[in-house]
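Heads up: the structure comes next, in structure tokens.
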Amino acid sequence: MIRHLIVSLVVVFLFFGCASDPQPKPEFQDGTRVGIFNSLEPYLTHRHITIERINSFTQQIDVDWDIPAYVNTQLADNLKKDRRFVIVPIQSSRVQSRLKQLSVQIGAAANNRRIPQDLIDFIESQAKTHDLDVVIIVQSFRGDSRWKIHDDPIVLEGYGLFTRRTMLGAFGIRNSWAHPYAHIRVVVLTTRPVVRIGAGSPTMTRARMDNFNWPADIRNIPESELNKIHPRITAYADQAVKNALTGILKVSVE
């Protein structure tokens, strides 16, 4: 009870007393309980755009990378270095389903200090059920990417691979491009009151993969080629974790 009261008072002071600070940074006490809610998909998404656009497609590909578990481990390992935090394991298909329904609200919370009421209700309910002081939400999202066609951003979802074929110049030379990407978001919120204190997504490079061997059938990419994008996806996930936790922990985030 005392732990909850101290965290709540510090958060309230920071939120209302420092209006110019878009992201309050409370001082947590020893024994602060943190719940990690992860709704990342276990599969990668492949988005392909052709020259004529009519044969473009999006498909999901099963892989054994277990990116959701990887992100959970990165979060837990960093939090454990700061001995104030206690990790509370939470596994629930019902909760994951609810997180999917709240995708828009979570995105709003990541970009704005005002938290949608539906998300507040969810966090308060989980905080009561699991006695949580802090909630960390991990999700993928659908949105504009860094790549464009005729100034129109390409919309990508989840994490995986974006491929495209273009025509260069009057000679009609075809060019093939492959880009790993990760639309992964990590949002950190206190529970009493519900206030966003951290949020992070990766910054993706526009450079294409030089070592990607374009298959004869782009719908059936060999596992050996898919595995080449795995390190880039985990690096993007690391960025999201680091950006979300930086400034919250007393130790450096790796």
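Answer with yes or no whether Leu189 is within 16 Å of Val63 (Cβ to Cβ), of a type in the set (A, V, I, L, M) and either part of a helix (DSSP H, G or I) or touching a strand residue (DSSP E or B) at 6+ places or on another chain (Cβ under 9 Å) (or both).
no
Here are Ala110, Ala69: which of them is at pLDDT 95 or above and over 26 Å from Ser176 (Cβ atoms)?
Going through Ala110, Ala69 in turn, the sole match is Ala69.
Having 3 or more residues that are in contact with a helix residue (DSSP H, G or I) (Cβ under 8 Å, 6 or more places away or on another chain) and aliphatic (A, V, I, L, M) is the bar; report the strands (runs of 3 or more DSSP E) wholly within the range 103-171 that clear it.
Ranges flagged: 134-140.
Going through the range 208-229 one residue at a time, which ones are without any contact (Cβ under 8 Å) to a residue 24 or more places away in the chain and assigned to a loop (DSSP other than H, G, I, E, B)?
Listed by number, the residues that qualify are Asp210, Asn211, Asn213, Pro215, Ala216, Asp217, Asn220, Pro222.
Given (1) surrounded by 16 or more Cβ atoms within 10 Å (Cβ to Cβ); (2) more than 30 Å from Thr166 (Cβ to Cβ); (3) at pLDDT 95 or above, where does Val63 come up short, assuming only one miss?
Failing condition for Val63: (2).
Report whether or not Val104 is more than 19 Å from the chain's Cα centre (by Cα) and of a type in the set (Val, Ile, Thr).
no
Mind counting the residues in the range 36-76 that are touching a residue at least 12 places away in the same chain (Cβ under 8 Å), closer than 24 Å to Ile137 by Cβ and of a type outside the set (Gly, Ala, Ser)?
20
Of the residues that make up the range 230-244, is at least one free of Cβ contacts under 8 Å to residues at least 12 places away in the same chain, surrounded by fewer than 16 Cβ atoms within 10 Å (Cβ to Cβ) and over 23 Å from the mean Cα position of the chain (by Cα)?
no
Any idea which of Leu99, Leu79, Leu119 is over 22 Å from Glu157 (Cβ atoms), aliphatic (A, V, I, L, M) and surrounded by 13 or more Cβ atoms within 10 Å (Cβ to Cβ)?
It is Leu79.
How many of the residues in the range 33-60 are at pLDDT 95 or above, over 17 Å from the mean Cα position of the chain (by Cα) and more than 19 Å from Glu225 (Cα to Cα)?
The qualifying residues number 2.
Output the residues belonging to the range 65-108 that are on the phi < 0 side of the Ramachandran plot and of a type in the set (Asp, Glu).
Asp77, Asp82
The values are calculated or read from the model by the stated rules, or taken from the named source; none is laboratory data. Note that this is a predicted model, so its numbers are computed, not measured. Ideal geometry is used to build each Cβ from the backbone, glycine not excepted, and the neighbour counts take in all protein chains shown.
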